[in-house]
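Enquirer: Sharing a structure, written as structure tokens. Questions coming.
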Amino acid sequence: MSAYTGQAIQPAAALGPTPSSSPVTTSDALTLQVGNQQLIGWQRVAVTRSMDSIPASFDLQVTEKYPNTSDIDIQPGQPCTVSIGADLVLTGFVDRYSASVSPSEHTVRVQGRSKSCDLVDCSAYLGDDKNPSMQIKGGSALSILQALAEKYAVTITSLAGDGAQVPGFNINIGETVWDVADRLIRVSGFVAYDMPDGSLVLAQAGSEAMASGVALGQNIEEADIAYSMDQRFSEYEGFFLSVQQVGVQGNLNDPRIGPIAYDDKVPRKRVRFVVSEQMSDGQSLAAQRAQWECNRRYGRSQQLNVSIDAWRDTAGKLWAPNHSAPIGAAALKLDRPDPPWIIGGVSYVRDENGQHAKLTMMPKEAFLPEPASLNAIPPFVQDIEKNNPTKQSTTPVPDSSGGTSLA
């Protein structure tokens with residue numbers, strides 16, 4: 001590998017040959033840029049973006065039996081970008097640089113993650129570095145997320161509005177930014193995933209579509225699908241408490257709610273009680289939670305893993321998460337599902353077996369966010385207070401300044 005300053009490495013100075021079974025064109029050559037170095041020609045490549053895991057990641061490898069490998073000058077922690085052809089696919093940091101030696105070769109391996117890795121790894125706080133604050137004064141979910149992520153120079157945008165209006169609450173010391181963000185994202189009904197520029201985007205599940213799909217006899221090289229029934233149930237009945245409340249007036253003696261969510265495709269009676277145990281909106285949220293449980297288990301009960309022969313669709317766009325795509329696989333009992341399934345994750349892979357895109361696809365229901373609430377007052381306490389207005393509560397509730405006071 002050669003290291004050039006201010007210009008891309010030319011194909012003749014690349015790390016080494018790519019597999020002959022999958023020649024690399026200008027449109028899909030993978031480049032790692034670290035500082036002024038632009039490095040191409042990796043023998044093994046895996047770049048992964050997913051709706052189920054943040055951050056996006058890369059894993060690149062080359063051996064010294066090809067020229068100039070010793071010229072690599074990479075340090076863990078350095079900012080970097082990964083591009084495929086002219087398309088940026090990841091902006092982040094080098095996590096690990098490793099090397100190994102054997103009698104026949106010297107192997108260099110570089111691993112890293114998107115900028116959102118700092119949201120997953122690092123503690124959440126507001127205020128300044130000398131006087132960190134754990135108090136969030138409230139606002140839209142998006143504005144709070146942006147304020148938390150700004151501490152680590154990560155940008156968050158939304159394709160689906162500002163999200164829920166959130167009352168003031170306190171961050172628990174030791175929580176990561178993602179611990180807090182996950183709750184805010186779920187209460188807003190969003191999904192979140194990395195973008196190529198290192199930002200995090202909030203969206204509705206399945207909000208975009210690819211120009212083409214995957215089909216046997218066309219671009220599918222290998223495929224497998226698993227259909228399951230062991231984690232599905234015919235009835236999902238929601239509860240907002242895990243125990244009955246003895247001595248409490250009203251319908252709280254029986255914490256069950258309705259209506260029941262049904263999965264008509266389950267061939268026998270299988271009942272599942274779903275306990276929401278949220279601190280507010282108990283009954284309505286438990287009903288949503290039961291329906292979500294039904295939908296998610298349906299969605300996750302059918303997962304297609306497919307390897308295709310190109311990193312791009314027919315319009316030249318890289319396969320990407322949260323995009324719908326048609327499927328033609330009659331041999332797998334899956335032919336043109338309507339609505340189209342969603343790409344939950346994609347890995348751009350190149351190794352000794354050639355170049356492939358590996359996609360994981362499931363119905364949209366598999367990616368719907370779990371309903372959540374952020375209010376810290378249990379619903380049965382709220383009802384008790386309504387029935388006993390002269391009794392003072394000792395439950396801490398957010399005040400207008402974002403701190404807590406006694407109701």
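What follows draws every value from the coordinates through simple rules; no lab data is involved. Since the model is a prediction, treat every value here as computed from it, not as a measurement. Cβ placement follows ideal geometry from the backbone for every residue including glycine, while neighbour counts extend to all protein chains displayed.
Enquirer: Relative contact order for the stretch 119-203: what percent, with Cα pairs under 8 Å and sequence separation of 6 or more?
Expert: Here the relative contact order equals 36 percent.
Enquirer: With Cβ to Cβ distances under 10 Å as the rule, what net charge do the other residues near R312 carry (K, R +1; D, E -1)?
Expert: Its environment carries a net charge of -2.
Enquirer: Here's something else I'd like to know. Local charge sum around V94 (other residues, Cβ-Cβ under 13 Å, Lys/Arg +1, Asp/Glu -1)?
Expert: Local charge sum for V94: +1.
Enquirer: How big is the gap, in Å, between the Cα center of the stretch 119-161 and the Cα center of the stretch 201-222?
Expert: 32 Å
Enquirer: Hey, another quick one. If neighbour count is taken as other Cβ atoms inside 10 Å, put E208, E237 in order from fewest to most.
Expert: E208, E237
Enquirer: Could I ask something else about it? Please list 3J(HN,Hα) in residue order for the stretch 151-160, calculated via the Karplus relation 6.51 cos²θ - 1.76 cosθ + 1.60 where θ = phi - 60°; whole Hz, with x for glycine and proline.
Expert: 4, 10, 6, 10, 8, 10, 10, 10, 9, 9
Enquirer: Sort E150, E293, E175 so that the residue with the fewest other Cβ atoms within 10 Å of its own Cβ comes first and the one with the most comes last.
Expert: Fewest-to-most Cβ neighbours within 10 Å comes out as E150, E175, E293.
Enquirer: Quickly rank 35-44, 312-321, 222-231 as a protection proxy: mean count of other C-beta atoms within 10 Å, highest first.
Expert: Put in order of decreasing packing, that is 35-44, 312-321, 222-231.
Enquirer: Okay, next question. List the pairs from K137/K364; K151/K364; K265/K317; K115/K358; K265/K358; K333/K358 whose alpha-carbon separation is above 27 Å, in the order I gave them.
Expert: As for pairs spanning more than 27 Å Cα to Cα, those are K137/K364; K151/K364; K265/K317; K265/K358.
Enquirer: Could you give the C-alpha radius of gyration of the stretch 119-203 expressed as a fraction of 2.2 N^0.38 Å, taking N as the number of residues it contains?
Expert: 1.01
Enquirer: Taking 0.36 nm per intervening residue step and subtracting the Cα-Cα distance, what contour gain separates D230 from N172 on full extension?
Expert: Residue separation times 0.36 nm, minus the Cα-Cα distance, leaves 17.2 nm.
Enquirer: Cut-off is 10 Å between beta-carbons; in what order do H356, H106 appear when sorted fewest neighbours first?
Expert: H106, H356
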